[in-house]
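Right, one structure below, let's go through it.
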Amino acid sequence: MTITDRVAAPLPRGRHALTRGEVHASQRTRLLRAMTVEVAQRGYAATTAAGVYQRAGVSSRAFYENFSSLHDCFLAAYEANVAILQSRLGSVSDRRDPPLQRLVALLDAYLSTITQEPDLARIFLVEVYAAGGEALAHRLAVHQRFVETVIDALADEKLSETDHFAVETLVAAVTFQATMHVIAQEHGDLRELRTNLVAMATRLCPWLQDFP
């Protein structure tokens, strides 16, 4: 069972010991997870607020107490999924390792998440492009955040403009290749893709191999 499948159980009926804040947080979490599943399964264009709050097991009132609109909920769910992916990438790199080994660790974490979390992958890589201009601007900002995450993990000193652009290109290529696999619903073994991406990275960023 994946993170995005785990829509939390409904709150107990009747009297309970949860505070108002705990109830609100639980409802919001369930709505974010439900939004991810609904969009992944139906597509953003066919997703409705009713479908989301019914899947989450909350009322329409609870939905609009948490979000101003379906689009607002989508953006929040998108950012929650980005945070999951970033936390996984941030926990795998060891600065004591050579840069190329750090890159392989980042790729393994990224591709394993795409494989293990198909709903997350769908909303992160595909459906965001159907959600309008604000979502697209957010997607571009997230891309830059990932570029900086990769640079911070790999580079032991400030990169030249040329090398910075090479890393941007590498991140874009990884994203595009992963997106094609998600669209084709090929979430299985991505080892061949990982091998090809590492080979491409050493051509774009030869400094990755300048260490024993």
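Some notes on this structure:
- With respect to the conditions (1) touching a Phe, Trp or Tyr at 6+ places or on another chain (Cβ under 8 Å); (2) crowded, with 18+ Cβ neighbours inside 10 Å; (3) among the hydrophobic types (A, V, I, L, M, F, W, C), L193 falls short on a single one, namely (1).
- The set of residues in region 156-205 being farther than 26 Å from R95 by Cβ and among the small types (G, A, S) consists of A184, G188.
- Single residue of region 154-181 satisfying the filter (surrounded by 18 or more Cβ atoms within 10 Å (Cβ to Cβ) and hydrophobic (A, V, I, L, M, F, W, C)) that is farthest from T115 (Cα to Cα): A166
- Boolean, R33 is touching a Ser or Thr at 6+ places or on another chain (Cβ under 8 Å), on the phi < 0 side of the Ramachandran plot and in the same structural domain as A137 (by TED's automatic domain parsing): no
- Residue ranges of helices (runs of 4 or more DSSP H) in region 49-99 with at least 1 members under 15 Å from R30 (Cα atoms) and over 21 Å from the mean Cα position of the chain (by Cα): 49-56, 60-66
- Condition broken by H143, with the remaining ones in (1) crowded, with 17+ Cβ neighbours inside 10 Å; (2) under 16 Å from A80 (Cα atoms); (3) not polar (S, T, N, Q) satisfied: (1)
The values are calculated or read from the model by the stated rules, or taken from the named source; none is laboratory data. What you see is a predicted model; the values in this text were computed from it and never measured. FYI the Cβ positions are ideal-geometry reconstructions off the backbone, even for glycines, and counts take in every protein chain you see.
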